[in-house]
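Step one of this worksheet: look at the structure below.
The values are calculated or read from the model by the stated rules, or taken from the named source; none is laboratory data. Given the structure is predicted, the values throughout are model-derived calculations rather than measurements. No Cβ is skipped: glycine too gets one built from the backbone with ideal geometry, and neighbour counts run over all protein chains shown.
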Amino acid sequence: MRIALFDPNCYKFTTEMQYHWEALGHEVKKALYYDPAMARWADVLWFETCDNNLGVATSYGEPGWKFSEMDMTNKQVICRVIDIEAWCGLHRNVDWNYVDDVIFIAPHIQKLVEKNIVFEKQNIHLVPCGVDTDKFNLVEKPRGKNVAWVAERWFAKGIDLFLQYAAMLYKVDPEYKIYSVGIWADNAVEGWYREYIDYFIDNNNMNVEFIDHVPDMNEFLNDMDFVTCFSKKEAFSYAIAEGMSKGCFPLVHRFYGANDIWPEEIIWDTVDQAVEMTVNPIGEGKNHRWWVDRNYSLDKMLKSFDNIIKKGDK
């Protein structure tokens, strides 16, 4: 089978899919942007996100680019709806009549899209993200005082909540150290916000280390005891899943949809609660890797994808 994979996210989460399909004997071509030549070549057209790639292919664009100007006989069109494109309303630019299968990675994203779109002939699938836990060796040790926050730094990730948490935690116990890993995602605010953060940290004498990138997340997490999420918008949070796979205690802000993804015992509503859960975590030495293995297995996700594209194997 010939699979065309269109992924504007630079193949951040689709490389494992490509390797898996090639190992099964499929031919895979990939591109960041919709390519009509690839669409004509393929049996299966996989759109990673319902962004402008799918909009151009189905609804608008230059002559020769739209599906309506191609022979789509026996071609299977699949769209995996991720997150930001749904919040931005890009799903409303798609002519869903050309789409055979729609994959949602989380129930709350499905609910969000179905507020605007009524799917009548499409096959709808709920397939959670898959994590390769084999990349993370479980570390079981007494709970220490190193806290990791792994996220791109922009408003949706909850920088304000992070600073309040760090300040309150330091006042409770100044021996805690927080490591913030991630790049700035918005150059427009980086300058003034970075100055504000530095000022806030210095004024509160907080022990925070900022790191743009770590070459090996498994190695970095060796010394971490907690992994945190301050986001106000998430579809999943790989950082939390990877931290749980390593044995770190997870602390997740109750973003919209968090209850559908993570166990209630690790979710917090207020910064006060987050600090309390850090100082007095539930179950000394308890790890949540089992939750990831049971619910977010990479192998389980890939097998689900295999079942979805089977009908494209003509």
Query raised in the report: Any residue in region 239-246 that is in contact (Cβ under 8 Å) with a residue 40 or more places away in the chain, within 22 Å of residue 140 (Cβ to Cβ), touching a Lys or Arg at 6+ places or on another chain (Cβ under 7 Å) and part of a helix (DSSP H, G or I)?
Result: yes
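Quick check on my filter: what residues within region 1-44 are of a type in the set (Gly, Ala, Ser) and more than 22 Å from residue 131 (Cα to Cα)?
4, 25, 31, 37, 39, 42
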Requested in this report: Could you list all residues from region 114-144 that are part of a loop (DSSP other than H, G, I, E, B) and closer than 16 Å to residue 220 by Cβ?
Outcome: 136, 137, 138, 139, 141, 144
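Inside region 1-25, can you point out the residues that are part of a loop (DSSP other than H, G, I, E, B), touching a strand residue (DSSP E or B) at 6+ places or on another chain (Cβ under 7 Å), surrounded by 17 or more Cβ atoms within 10 Å (Cβ to Cβ) and touching a residue at least 40 places away in the same chain (Cβ under 8 Å)?
Residues of region 1-25 part of a loop (DSSP other than H, G, I, E, B): 1, 7-14, 24-25.
If we keep only those that are touching a strand residue (DSSP E or B) at 6+ places or on another chain (Cβ under 7 Å) too, we end up with 1, 7, 9, 11, 14.
From what is left, the residues that are surrounded by 17 or more Cβ atoms within 10 Å (Cβ to Cβ) are 1, 7, 14.
Matches in region 1-25: 1, 7.
Hey, among the residues in region 62-96 that are part of a helix (DSSP H, G or I) and over 27 Å from the mean Cα position of the chain (by Cα), which one's surrounded by the most Cβ atoms within 10 Å (Cβ to Cβ)?
Just the residues of region 62-96 that are part of a helix (DSSP H, G or I), to begin with: 67-69, 84-87, 90-93, 96.
If we keep only those that are over 27 Å from the mean Cα position of the chain (by Cα) too, we end up with 67-69.
On the way: 67: 21, 68: 12, 69: 11.
It comes out as 67.
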Query raised in the report: Does at least one position in region 247-268 carry a residue that is in contact (Cβ under 8 Å) with a residue 40 or more places away in the chain and of a type in the set (Phe, Trp, Tyr)?
Result: yes
Query - Check on residue 139, of a type outside the set (Gly, Ala, Ser) and either under 24 Å from the mean Cα position of the chain (by Cα) or crowded, with 18+ Cβ neighbours inside 10 Å (or both) - result: yes
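Take residue 283 and tell me if it is on the phi > 0 side of the Ramachandran plot, modelled with pLDDT under 95 and either basic (Lys, Arg) or under 23 Å from the mean Cα position of the chain (by Cα) (or both). Quick ask: steps written out before the conclusion?
Working: on the phi > 0 side of the Ramachandran plot: yes; modelled with pLDDT under 95: yes; either basic (Lys, Arg) or under 23 Å from the mean Cα position of the chain (by Cα) (or both): no.
In short, no.
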Requested in this report: Could you list, in sequence order, all residues of region 26-60 that are over 24 Å from the mean Cα position of the chain (by Cα), assigned to a loop (DSSP other than H, G, I, E, B) and modelled with pLDDT of 90 or more?
Outcome: 26, 35, 42, 43
Query raised in the report: Failed condition for residue 148, given (1) modelled with pLDDT under 95; (2) surrounded by 15 or more Cβ atoms within 10 Å (Cβ to Cβ), with all others met?
Result: (1)
